[in-house]
1. Step by step: first the residues of the stretch B:37-90, then only those that are acidic (Asp, Glu) and part of a loop (DSSP other than H, G, I, E, B), then the one that is nearest to B:Lys233 (Cα to Cα). Which residue is that?
2. So, B:Gly177, is that one free of Cβ contacts under 8 Å to residues at least 24 places away in the same chain and either within 12 Å of chain A (Cβ to nearest Cβ) or farther than 30 Å from A:Pro96 by Cβ (or both) or not?
3. I need the full set of residues from the stretch B:94-133 which are within 19 Å of B:Ile178 (Cα to Cα), touching a helix residue (DSSP H, G or I) at 6+ places or on another chain (Cβ under 7 Å), part of a loop (DSSP other than H, G, I, E, B) and not small (Gly, Ala, Ser), in order please.
4. Which of the numbered conditions does A:Thr109 fail, given that it passes all the others? Conditions: (1) within 14 Å of chain B (Cβ to nearest Cβ); (2) assigned to a strand (DSSP E or B); (3) closer than 18 Å to A:Gly27 by Cβ.
5. Does the stretch A:31-43 hold any residues that are part of a loop (DSSP other than H, G, I, E, B) and at the interface with chain B (Cβ under 10 Å from one of its Cβ atoms), and which are they?
6. Name the one entry in B:Ile183, B:Ile165 that is closer than 24 Å to A:Arg42 by Cα, part of a strand (DSSP E or B) and either at pLDDT 95 or above or β-branched (Val, Ile, Thr) (or both).
7. Going by the conditions given, is A:Val67 at pLDDT 95 or above and not hydroxyl-bearing (Ser, Thr, Tyr)?
Amino acid sequence: MNATMRRNGYRADALIETLHTIQESFGFLDDVSLRFVADALRVAPSQVYGVATFYHFFNLKPQGKHVCSVCTGTACYIKGAGKILDAIKEQHGIEPGQTTPDGELSLLTVRCVGACGLAPAVVFDGQVIGNQDVEQTQARIEGWISHANS
Amino acid sequence: MAVRSRIKTLKIDGRDVSAHEDETILQIAEENGIFIPTLCRIEGLSLIGACRLCLIEVKGWNRLVPACHTHAEEGMEVFTDTERLRNYRRMIIELLFSEGNHVCAVCVSNGNCELQYLAQRLGMDHVRFPNMQPVRKVDMTHERFVLDRNRCVLCARCIRVCDEIEGAHTWDMRGRGIDARVITDLDIPWGDSETCTSCGKCVNVCPVGAIVEKGRAVGEMTKRKDFLVYLSKMREAKK
């Protein structure tokens, strides 16, 4: 974190890069690090929070062991991303942005991952997989969870 | 007075007007007594062009442009009050009404509200869109002020005045789109904010009843905005 900020000369415009480093190191952005960055870069805490919540990439809560991000961009939405999302919500009882109580699965939505040709696309633990349907998505998530339980 | 820039002549609603090239259409219109509605703009703060109410038509341009960000050009023909613009403006106000909970009858700013004024002035007699009836948090933690996000129109005046005039930058906006909300510090209760100086500037610039003084009854909240022009003038003079 300090290295990133130093490399950018503690300029305020290094904010996003610094937030990236924090998320890489800790998996999410907690209040302590947000305050620390705000102080070090001399940016108002509210502005840091505004940036952190503007980009879907940043998480303010710890993520589950596995992260499933459903693309709800226009192309994916038309090709049935809504159904995939609803199925996961119903099956696991979580809303986008939430994590199952056992900490196994986090569900996120993203706006366009740049894979519109493969719509609907779902990102499983950072890997973009295209042409998904409800069954395929659920099978993959089941795979994660049963693997964890065995 | 020395000439600060070149003079341009243009037409606004068929009237011949002249203006400095660094003036915006909005300024020129106001100097000539032509009404263009605005909501996010307030004199003394930077322009963000967010409310889209000041959109105007220019002959030969196929896009509508915001008057607050469009500069005078020689021979330009501007229209500020066409049927198309009236429709869009009314729709913007209707969308604001449907997105939040704007119930004038129980609002402390009833009668002193810029949104209410615009709705009346632009002839909004009903809202075509279903009311979303959002449930948004009301923050009563500050000793003297109240933040009611249900009445917020996201004009960002509070954010700008706190940053540009007070210099505290206590306010900012979190999230985006329909989830956007004004926040204090790291989205903590206003009363717990360490950066807030309780100066009350945000209360006075808020165009609606979203940021108000505590203990006011319906229609009792009046705001003064003249301080802003005075403060920015004085700050400018010191530079």
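1. Going through the qualifying residues, I end up with B:Glu43.
2. Spelling it out, B:Gly177 is indeed free of Cβ contacts under 8 Å to residues at least 24 places away in the same chain and either within 12 Å of chain A (Cβ to nearest Cβ) or farther than 30 Å from A:Pro96 by Cβ (or both).
3. The answer is B:Asn101, B:His102, B:Val127, B:Arg128, B:Phe129, B:Pro130, B:Asn131, B:Met132.
4. With respect to (1) within 14 Å of chain B (Cβ to nearest Cβ); (2) assigned to a strand (DSSP E or B); (3) closer than 18 Å to A:Gly27 by Cβ, A:Thr109 is out only on (3).
5. Hit for the stretch A:31-43 is A:Val43, nothing else.
6. B:Ile183
7. Judged against the criteria, A:Val67 is not a match.
For (1) more than 24 Å from A:Ile16 (Cβ to Cβ); (2) of a type in the set (A, V, I, L, M, F, W, C), each residue gets a yes or a no:
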| residue | (1), (2) |
| --- | --- |
| A:Gln63 | no, no |
| A:Val67 | no, yes |
| A:Glu90 | yes, no |
| A:Glu135 | yes, no |
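The values are calculated or read from the model by the stated rules, or taken from the named source; none is laboratory data. All values reported here derive from a predicted model rather than from experimental measurement. Here the Cβ is made from the backbone with ideal geometry for all residues, glycine too, and neighbour counts use every protein chain on show.
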